[in-house]
Amino acid sequence: MIITGLMKSGLFVKLDDGASEGFVPRRTLPDDFYEIVAGGMMLLGRHHGWLFRLGDKLLCRLENIAPVSGDISLSWISGGFQQAETARSLQEKYKRRSKGRHKSAGRRRR
């Protein structure tokens with residue numbers, strides 16, 4: 001299964017048949033606090049550094065199919081990537097600077 005979409009609440013994956021898409025809720029991912037970074041291209045775990053990117057392959061278990069709505073619920077088994085760098089350094093790497101109301105907003109100090 002390949003990750004096709006990211007949300008703070010979980011991942012959308014394309015099933016191996018190529019015709020269906022399922023949802024992997026965040027609660028089934030490794031225990032962490034996840035944020036969407038890099039312009040919506042990655043889901044990054046703040047504490048342990050788990051990283052899920054668009055196009056990554058996952059192994060998931062089928063949990064539920066709702067025939068009426070067509071919803072497919074999955075749970076994460078393996079896949080994604082755990083960074084060797086600390087999660088905090090990854091946050092700094094992918095964090096966007098805030099552009100507030102002040103004249104110096106979004107600029108770094110010298």
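Here are the numbers for this structure:
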read-out	value
Leading residue by the ranking (surrounded by the most Cβ atoms within 10 Å (Cβ to Cβ)) among those in the range 58-94 that are in a loop (DSSP other than H, G, I, E, B) and at pLDDT 60 or above	Gly80
Scan of the range 23-57 for residues that are out of contact with any helix residue (DSSP H, G or I) (no Cβ under 8 Å at 6 or more places or on another chain), part of a strand (DSSP E or B) and more than 15 Å from Met7 (Cβ to Cβ), ordered by number	Trp50, Lys57
When residues of the range 13-57 are limited to those that are touching an Asp or Glu at 6+ places or on another chain (Cβ under 6 Å) and under 14 Å from Gly80 (Cβ atoms), the one surrounded by the fewest Cβ atoms within 10 Å (Cβ to Cβ)	His48
Residue within the range 28-37 that is farther than 17 Å from Ser78 by Cα and within 8 Å of the chain's Cα centre (by Cα) present	yes
Cβ pairs under 7 Å, 6+ apart, first in the range 54-75 and within 17 Å of Pro30 (Cα to Cα), second surrounded by fewer than 10 Cβ atoms within 10 Å (Cβ to Cβ) and modelled with pLDDT under 85	Leu59/Ser78
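The values are calculated or read from the model by the stated rules, or taken from the named source; none is laboratory data. Small disclaimer: the values here were computed from a predicted structure and weren't measured. Cβ sites come from the backbone with ideal geometry, for glycine too, and all protein chains shown count toward neighbours.
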